[in-house]
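To start, the structure under review is shown below, and the notes come after it.
The values are calculated or read from the model by the stated rules, or taken from the named source; none is laboratory data. The shown structure was predicted, so the numbers you read here are calculated from the model rather than taken from an experiment. Here Cβ is always computed from backbone atoms with ideal geometry, including for glycine, and neighbour counts include all displayed protein chains. Quick note on the areas: whole protein, heavy atoms, side chains included, nothing else; ligands and nucleic acids left out. Shrake-Rupley method; radii C 1.70, N 1.55, O 1.52, S 1.80 Å.
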Amino acid sequence: MIVVMEEKATETQISKVIDRLTNLGFDTHRSTGVTRTLLGAVGAKVVDTRELELLEGVAEVVRITTPYKLSSREFKPEGMEIRIGDVRIGGDRVVVMAGPCAVESREQVDTIASYVSRSGARILRGGAFKPRTSPYSFQGLGEEGLRYLREAADRHGLKVISEVMEISQIPMVSEYADILQVGARNMQNFNLLRELGRQRKPVMLKRGPAATIEETLLSTEYIVSGGNNQVLVCERGIRTFETSLRYTLDISAIPVLKKLTYFPVVADPSHATGRRDKVIPMARAAVAAGADALILEVHHDPDNAQCDGPQALLPAQFDGLMGQLRVIVSAMGRTI
Ligand code: PEP
Ligand code: MN
């Protein structure tokens, strides 16, 4: 971090800033230029830069090291592959996770698993605990749903991803799922993140709809600093001033995240767009932008789905999309 002093800053003001930096635990290096004094602060501390910006005589504070050190690309420049049996996420192969929004019945999840597996998905998605905006909406089947999800995945050669909404659900979801999903609404549930840091299962963290990329990586930092660096980070759409779709899929977050962190990057065009006709072009775009994985909602009877029917792809649409993605990834030297 560099503290740039104002041109007219006095010696007393400069000394006060140096004292403050020392008290915060930084080593301070002073550079007195022709017009301004710069104070280089070196140390592994995370500080709120506003605290320094408000000191008298300070012009600006420039952060030169990232506050999310353990999640930073500098920490693992080669990137990281997450391995779940024979499925590897973060390498040359783009991985597709697909399935219903929510597990509704044994037959429903088995039918969908059979379709998505045939089309080339490697991981089955499905919520057993659903974070619903309304308390009157379907909340998920709980453990029964997890059991159906696991059975369907095993029958069709798939791995499982499912959401964990609170700390008490971690042991149960871990028993059935290969990847624990943290939903967008829980991105800053720091107690949950800390507990997931103590687990040995991969965790997919979804970006909150109003979270910056830096805030997202500070959330992954909670997981990694607890000892679990098996993290996937998922762009699922953010709130902008644009209202034509459910959210705005921040495609540019994909290459930005790839540069800032070593975690595999996942994109979720289903929740971002909220409409099946828009999911397909955005899925293509996300893969073209470098996503390591996609998570997509698929339903064979979306008109009667308990949750998110309008954004679920029909099995034939999903199959068509997979064919298109094969062409896109091959142009990028990847496979799917
Ligand atoms: C989901 O993937 O099931 C989900 C609820 O998504 P999000 O947390 O992104 O809204
Ligand atoms: Mn959904």
Surface accessible to a 1.4 Å probe, per residue, for the residues of segment 2-62, Å²: 63 Å²
Rounded to the nearest 10 Å², what accessible area does Arg326 show when all protein chains are kept and the probe is 1.4 Å? 110 Å²
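Under the rule that an exposed site lies in a DSSP loop and has at most 16 other Cβ atoms within 10 Å, name the longest stretch of the chain with no chymotrypsin sites (Phe, Trp or Tyr not before Pro) of that kind, not counting the sites themselves.
Numbers: sites that count: Tyr136, Phe138, Phe241.
The answer is 1-135.
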Using a Förster distance of 22 Å, the FRET efficiency for Asn304-Arg106 (Cβ separation, nearest 0.05): 0.85
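Place a +1 charge on the Cβ of each Lys and Arg in segment 2-62 and a -1 charge on the Cβ of each Asp and Glu, then give the dipole magnitude about the Cα centre in debye, rounded to the nearest 20. Can you show the working numbers first?
Working: 7 positive and 10 negative charges, 24 e Å.
Roughly 120 debye, rounded to the nearest 20.
Would you mind getting the accessible area per residue of segment 189-336, heavy atoms of the protein chains only, 1.4 Å probe, in Å²?
Numbers: 5750 Å² over 148 residues.
Each residue of segment 189-336 exposes 39 Å² on average to a 1.4 Å probe.
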Gyration tensor (Cα only) of the chain to equivalent ellipsoid, semi-axes in Å sorted down, yields 43, 20, 18
Taking the convex hull of the alpha carbon atoms in segment 58-134, what volume per residue do you get, in Å³? 196 Å³
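For a test of the definition: using alpha carbon positions, the gyration tensor, and the 1.5 limit on a/c, classify segment 2-62 as rounded, prolate or oblate.
Details: a/c = 1.70, a/b = 1.49, b/c = 1.14.
Verdict is prolate for segment 2-62.
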Suppose accessible area is computed on protein heavy atoms with a 1.4 Å probe; arrange Glu104, Glu215, Glu74 from highest to lowest. Glu74, Glu215, Glu104
Tell me whether segment 143-224 comes out rounded, prolate or oblate; compute the Cα gyration tensor, take square roots of the eigenvalues as a ≥ b ≥ c, and use a/c under 1.5 as the rounded threshold. prolate
Need the list of lysines near Lys76 for cross-linking: C-alpha distance under 17 angstrom, and skip anything on the same chain fewer than eight residues off. Lys258, Lys259
Using a 1.4 Å probe over the heavy atoms of the protein chains, calculate the carbon and sulfur portion of the accessible area of the chain as a whole percent. 50 percent
For segment 1-132, what does the convex hull of the Cα positions come to per residue, in cubic angstrom? 189 Å³
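Taking segment 137-229, which trypsin sites (Lys or Arg not before Pro) meet the DSSP loop condition and have no more than 12 other C-beta atoms within 10 Å? Present the calculation step by step, with values, prior to reporting the outcome.
Working: sites: Arg147, Arg150, Arg155, Lys159, Arg185, Arg194, Arg198, Arg200, Lys206, Arg207; in loops: Arg198, Arg200, Arg207.
Taking segment 137-229 and a limit of 12 other Cβ atoms within 10 Å, the loop trypsin sites (Lys or Arg not before Pro) found are Arg198, Arg200.
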Counting only residues 5 or more places away or on other chains, whose amide H sits under 5 Å from the amide H of Asp250 once H atoms are built in the peptide plane? Gly237, Ile238
